[in-house]
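Student: There's a structure below that I have some questions on.
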Amino acid sequence: MSKSKPVLTSSLGKKLIMSLTGLFLCTFLIVHLIGNLQLFKDDGGYAFNNYAYFMTHFTPIKVVSYLLYASIIIHAVYALILTLKNKSARPIGYNQYDGKANSAWNSRNMGILGTVLLVFIVTHMQNFWYQYKFGTTPYVEYHTELATGNRETIFAENVPADYTGYVTYVNDGIETVKSKDLYKQVEVTFQNPLLVGLYVLGMAALSFHLIHGFQSAFQTIGFNHRRYNGIIRGLGVWIFGIIIPILFASMPLYFYFVK
């Protein structure tokens, strides 16, 4: 215990923890994106609302969610500590030392990018997670004829007083699903141009953050081999730096301009 403590509290230890939590968050991004792509289905929110209930009530997923929240906090706190420590250890500012000559813009401004992302995450959690759990998320019922696949969607502004959670049953060949309508919550939220702008800005910050952070995380944990560095760099730039942020940013734009 005494030997491991200095390692975990050193700058290298903090960077290692930041790298591991960062890579865990990258894994979550993929899962979250796959689920959120259900928003593009033209089914009145049926698939997305089923996904939302599963993600918030399936016990293993709930445990992973708590690990996710902890990872975000740890990642942000350690990033702040390391940023402040690096500034205090560098008495000569960039007006006397040209940092641009040796590093990319995003690598020098990870703190700013991380701050934008933290504001985005807090806003995102308040708009959807908090509203779904404790707020005024509307209510929806889906009635599907199993023989034909025809579905009737019944919307309501308020959740009924006797609603006890997600309900599904089959009666006379008709499947009934009753749930909170997070899809409608998304639709209403993204009619606000300021929130749409914040989400697009957040995804731009995510892009620059991951283009540098993804590859840097592998280097920190010691996975640095010339045979694989190109693959890691490609994944960081194209998958996490471009494709994933663009797909996430397309969702608020889709609801604002199309829906």
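The values are calculated or read from the model by the stated rules, or taken from the named source; none is laboratory data. This one's a predicted model, so the numbers in the text were calculated from it and none came from an experiment. Because the Cβ atoms are built from the backbone with ideal geometry, glycine has one as well, and the counts that use them run over all protein chains shown.
Student: Has region 177-195 got any residue that is surrounded by 12 or more Cβ atoms within 10 Å (Cβ to Cβ), farther than 20 Å from residue 45 by Cα and either assigned by TED's automatic domain parsing to the domain that holds residue 253 or not aromatic (Phe, Trp, Tyr) (or both)?
Tutor: So in region 177-195, the residues surrounded by 12 or more Cβ atoms within 10 Å (Cβ to Cβ) come out as 177-192, 195.
Filter once more, keeping what is farther than 20 Å from residue 45 by Cα: 195.
Imposing the further condition that a residue be either assigned by TED's automatic domain parsing to the domain that holds residue 253 or not aromatic (Phe, Trp, Tyr) (or both) reduces the set to 195.
Checked against the condition, which is being surrounded by 12 or more Cβ atoms within 10 Å (Cβ to Cβ), farther than 20 Å from residue 45 by Cα and either assigned by TED's automatic domain parsing to the domain that holds residue 253 or not aromatic (Phe, Trp, Tyr) (or both), region 177-195 yields at least one hit.
Student: When only residues in region 244-259 that are under 20 Å from residue 121 (Cβ atoms) and β-branched (Val, Ile, Thr) count, which is surrounded by the most Cβ atoms within 10 Å (Cβ to Cβ)?
Tutor: 244
Student: Are there any strands (runs of 3 or more DSSP E) wholly within region 143-188 with 1 or more residues that are within 23 Å of residue 254 (Cα to Cα), and if so which?
Tutor: On the way: elements: 151-156, 167-171, 174-180.
Strands (runs of 3 or more DSSP E) meeting the threshold: 151-156, 174-180.
Student: Quick one: which residue in 34, 72, 61 is under 18 Å from the mean Cα position of the chain (by Cα), under 19 Å from residue 120 (Cβ atoms) and assigned by TED's automatic domain parsing to the domain that holds residue 224?
Tutor: Matching residue, one of 34, 72, 61: 72.
Student: For residue 213, state whether it is in contact (Cβ under 8 Å) with a residue 24 or more places away in the chain and in a helix (DSSP H, G or I).
Tutor: It is true that residue 213 is in contact (Cβ under 8 Å) with a residue 24 or more places away in the chain and in a helix (DSSP H, G or I).
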